[in-house]
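Structure first, then comments.
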Amino acid sequence: MSRRFLFVLGSARTEGNTELLARRAAEQLPPDAEQRWIRLADHPLPDFTDLRHDSDHVRPAPDTNAGLLLDATLAATDIVIASPLYWYSVSNLTKRYLDYWAGWLRTPGVDFKATLAGRTLWGVAALADREPSVADPLVDTLNNGAAYLGMRFGGVLLGNGTAPGDVLKDTEALTRAKTFFAHNPPPARFPHQTPTT
């Protein structure tokens, strides 16, 4: 089965450092790998309402932003969350998209968890700090989400950049981008879990 990559762009800025780094990594994908790019700012989602104790969520209509994102998510073999580091985690646009996953888990007929199990979640993020550990909350958010859904976790490609285009000066990040999607990641696990033998 050919791979189908969904790149979810969570920045409010067009062609920001995170997007530039994600596109550099995507250039290395094989020609038969499909790529779909969705900018969350162009497809805004309303505030997420948690209905789990009241009623079931209803599958969104395909012609809505939520319907478009749900269908694109379900169709992807690889989901790439491209979010700049905002207050040590994902952007508000990205967080809202991930909040919707909680609703899709409880939407009858969607089988969201079963569909995503075994697929791969990746991350790409630009940060304005030379210390990569400041991005640990972002990495944990994606890793733990993948673990909960039984997905593989490809890790997060980090690059440094503040001003527009700065990440293209981060030669280490650009080098990592060349092979970022090349490895076959293991299933994600929660940090407190021990590997099974």
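The values are calculated or read from the model by the stated rules, or taken from the named source; none is laboratory data. No experiment lies behind these values; they were computed from the predicted model shown. Cβ: placed from backbone, ideal geometry, glycine included. Neighbour counts: every protein chain shown.
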Check: In segment 7-113, which helices (runs of 4 or more DSSP H) lie fully inside it and hold 2 or more residues that are of a type in the set (Lys, Arg)?
Finding: 17-26, 92-105
Item checked: Hits in segment 128-166 - residues which are of a type in the set (Phe, Trp, Tyr) and within 15 Å of residue 90 (Cβ to Cβ) -> 153
Checklist line | Test result for residue 102, hydrophobic (A, V, I, L, M, F, W, C), exposed (fewer than 14 other Cβ atoms within 10 Å of the Cβ), more than 25 Å from residue 20 (Cβ to Cβ) and out of contact with any helix residue (DSSP H, G or I) (no Cβ under 6 Å at 6 or more places or on another chain) | finding: no
Notebook entry, point to check: Checking residue 146 against (1) in contact with a Ser or Thr (Cβ under 6 Å, 6 or more places away or on another chain); (2) at pLDDT 95 or above, which test does it fail?
Noted result: (1)
Next item on the list: Could you please find all residues in segment 124-156 being surrounded by fewer than 15 Cβ atoms within 10 Å (Cβ to Cβ) and part of a loop (DSSP other than H, G, I, E, B)?
Entry: 128, 129, 130, 131, 150
Check: Checking residue 160 against (1) without any contact (Cβ under 8 Å) to a residue 24 or more places away in the chain; (2) farther than 27 Å from residue 2 by Cα; (3) of a type in the set (S, T, N, Q), which test does it fail?
Finding: (1)
Notebook entry, point to check: Is it true that residue 121 is outside any loop (DSSP other than H, G, I, E, B), buried (at least 18 other Cβ atoms within 10 Å of the Cβ), touching a residue at least 12 places away in the same chain (Cβ under 8 Å) and touching a Gly at 6+ places or on another chain (Cβ under 9 Å)?
Noted result: yes
